[in-house]
Amino acid sequence: MTGFSDWLRGRCEAEWTAVVTHPFALAITTGSVPDAAMRHYLEQDFRFVDAFTALLGAAVASADTFEARVPYGRFLGQVATTEETTYFHRALAELGGRLDAPPEPVTAAFVRLMDEVRARQDYPLIAAVLCVAEWCYLGWASRAREPLPERFVHREWIELHEGAEFRAWVAFLRGELDRLGAGLDEPRRAEVLDVFRRAVELEKAFFDMAGSDMAS
């Protein structure tokens, strides 16, 4: 039987596939993104860190079981204090980028979606947005082939979104959606799907924005 997470992805499969096979994402896996394009992409991605951290906090607060709160809390600590924020500082310093770059329209729209579901404290919706953000990044990063790019700005970004620990995190998020979905009626499933689809569409628009730098 198909789980709820697969059901959600299947309802926006074309957009999902466009994200995980996006030319810009695949260029990261080969280390072929020009510095200016990678700088702009990371400057914009860094704009999500605060909203994403707050959303993880909302997941801790709104999750319906203690067993669910623990992984969220653990990952919250990693995002807020360790390797991901450290990577941004190092990579943007290497590329001559800014930590305070103004957000592009798609970046602002994605932050608004995160803030919207956080403010509602609606756990299934929070889980849906988090799952999209992490699962689709695993989707493109898992397409990287050895040897990974030598330059750390590409290699470490791939490694942050691949590997056993990150796969377990994505499996947890999918498992939560599967568990929650089993108890939702059709109107609630449709509500979660709407948020899931909006998040996927914003991911695609974000990579389209980044990819436009390579085409210009």
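The values are calculated or read from the model by the stated rules, or taken from the named source; none is laboratory data. The structure presented is a predicted model; accordingly, all values stated were derived computationally and were not measured. Virtual Cβ from ideal backbone geometry, glycine too; neighbours counted across all protein chains shown. The protein model used for the area step is the full one, side chains on, heavy atoms only, and it has no ligands, DNA or RNA in it. Shrake-Rupley method; radii C 1.70, N 1.55, O 1.52, S 1.80 Å.
Choose one of 20, 4, 209: the residue whose Cα lies farthest towards the positive end of the charge dipole of the chain (beta-carbon charges +1 Lys, Arg; -1 Asp, Glu; about the Cα centre). So the residue furthest toward the plus end is 4.
May I ask for the Rg/Rh ratio of the stretch 37-120, computed from Cα atoms with Rh as the Kirkwood radius, given to two decimals? Numbers along the way, then the final one.
Numbers: Rg = 14.2 Å, Rh = 13.8 Å.
Ratio of gyration radius to Kirkwood radius for the stretch 37-120: 1.03.
Taking a ≥ b ≥ c as the square roots of the eigenvalues of the Cα gyration tensor, an a/c ratio of 1.5 or more together with a/b no larger than b/c marks the stretch 94-216 as oblate.
Which order do peptides 201-212, 8-19, 96-107 fall in by mean Cβ count within 10 Å, highest first?
Working: 201-212: 19.8, 8-19: 17.5, 96-107: 14.3.
The packing order, highest mean first, is 201-212, 8-19, 96-107.
Sequentially through the stretch 206-212, phi angles give Karplus couplings (6.51, -1.76, 1.60; θ = phi - 60°) of 5, 5, 4, 4, 5, x, 5 Hz, Gly and Pro residues having no value and appearing as x. Scanning residues 5 or more positions from residue 163 or on other chains, none has an amide H under 5 Å from its amide H, with H placed 1.01 Å from N in the peptide plane. Across the stretch 1-66, the volume of the C-alpha convex hull divided among the residues equals 146 Å³ per residue. Placing one equal scatterer on every Cα of the chain and applying the Debye formula, the log10 ratio I(q)/I(0) at q = 0.11 Å⁻¹ is -0.50. If the segment from residue 89 to residue 61 were pulled out straight at 0.36 nm per residue, it would be longer than the present Cα-Cα gap by 7.2 nm. With 0.36 nm allotted per residue and the present C-alpha distance subtracted, the residue 35-residue 2 stretch has 7.7 nm of extension available. Surface analysis of the chain yields an accessible area of 44 Å² per residue, using protein heavy atoms and a 1.4 Å probe. Residue-wise HN-Hα couplings along the stretch 107-118, as the Karplus relation 6.51 cos²θ - 1.76 cosθ + 1.60 with θ = phi - 60° gives them from phi, are 5, 4, 5, 5, 4, 4, 5, 4, 5, 4, 6, 5 Hz; Gly and Pro carry x.
Treat every Asp and Glu Cβ in the chain as -1 and every Lys and Arg Cβ as +1, leave all other atoms uncharged, and give the resulting dipole magnitude about the Cα centre to the nearest 20 debye. Intermediate values should be presented prior to the final figure.
On the way: 23 positive and 34 negative charges, 26 e Å.
Result for the chain is approximately 120 debye, rounded to the nearest 20.
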